[in-house]
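These notes are about the structure you will find just below.
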Amino acid sequence: MKTSLKTGPLSALRGLAVAAVASLAVVPALADDAPTDKVVATINGAPITEGDLGIAAQEFGDQLQRIPPDKQRSALIDVLIDIRLLAKAAETAGIDKDKDVAEKLAFARDRTLRNEYLKSKVVTNVTDEAAKKRFGEETAKFVASDEIHVLHILVKTEDEAKAVVADLDKGGDFAKIAKEKSLDPGSGPQGGDLGFIGRGKTVKPFEDAAFALDAGAYTKAPVQSEYGWHVIKVTEKRKEPAPTFEAEADRIRQELVRETMTSEIHTLRAAAKIDIVPEAAPAPAAPAPSDQAAPAKPAQ
């Protein structure tokens, strides 16, 4: 089940925001049932807590996955110690008073507050019940399309494809020939197996030929596409299976978060007085200097 979404610069940025906010709902567990105020280290008497580790785990989640699980906690503590020491050194040097740095700090504060507000007002409201309700609405409109289980052998020339058909006519094994001769790097090693496909998933000549076949049949005449020459076999025909909630749940939750977030932003914008200063028009280009001398002033 697919939905079409309008795209553009603003929607793309909001899409990133949705992903960021949704990810806040899951905090990696570094200690079972540990209180967030439990101190795990101190720097000159200032504490680093379990809560700090949770925040760092979110911030450095991708990098954390590259570290063995038994080393992750100590790695996060080391990172937090480095961050705190360098931040304190920056304050001592007065770097936080720099105009550009102050603007970045203000932006980071606003972004954090935005995320926490949306997490409390948006993410927590996207419940399993809401997701299941949306899934039910979608499945009520679901119409199963035709699907076929397809195998193919891709070769460079028509003569090579005709030779493959001849081998098949003599009882050759399709999968074995595909592994030996197919130029398709994805399906060739798998015996030419493309799995189940629906209409619109392949190039038109391939689709037309494949859907015209009966189950168990292969193309007696090679099929040409922009990729080369194909010999196609259909092993099974069926109706597209109905989607399951488990398969669609993440997508639906993301859509509900996006919709709820957009609604909240629209409400806040409607209640605010917003003035956007137009971008200044570029200054007109100076006239090109003339190659002709100015006319002499007439004699009086």
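With the Cα gyration tensor of the range 146-199 giving a ≥ b ≥ c as the square roots of its eigenvalues, does the rule (a/c under 1.5 for rounded; else a/b larger than b/c for prolate; else oblate) give rounded, prolate or oblate? If you can, show how the numbers build up before the last one.
Working: a/c = 1.73, a/b = 1.56, b/c = 1.11.
It comes out prolate by the Cα gyration axes.
Distance check, please: which entries in 133/204; 141/176; 156/201; 104/132 exceed 31 angstrom between their Cα atoms?
From 133/204; 141/176; 156/201; 104/132, over 31 Å: 133/204; 141/176; 104/132.
Could you tell me which of rounded, prolate or oblate describes the range 187-285, using a ≥ b ≥ c as the square roots of the eigenvalues of the alpha-carbon gyration tensor, with rounded for a/c under 1.5 and, failing that, prolate when a/b is larger than b/c and oblate otherwise?
Values: a/c = 4.74, a/b = 2.01, b/c = 2.36.
Since a/c reaches 1.5 but b/c is at least a/b, the shape of the range 187-285 is classed as oblate.
Along Cα→Cβ, 7 Å out, is where each label goes; now give me the distance between the ones at residue 41 and residue 55 in nm to one decimal.
1.5 nm
Which aspartates and glutamates, on any chain, are close to residue 239 with Cα under 18 Å apart, when same-chain ones fewer than 8 places away are left out?
138, 146, 147, 207, 208, 214
For residue 125, put the label point 7 Å out on the Cα→Cβ axis and report which residues of the range 253-272 keep their amide N under 16 Å from it.
Once the point is set 7 Å along Cα→Cβ of residue 125, 253-271 turn out to lie under 16 Å by backbone N, inside the range 253-272.
Values in this text are rule-based calculations from the coordinates and carry no lab data. From a predicted model like this one, the values you see are computed outputs, not experimental measurements. In this analysis, Cβ positions are derived from the backbone assuming ideal geometry, glycine residues included, and neighbour counts consider all displayed protein chains.
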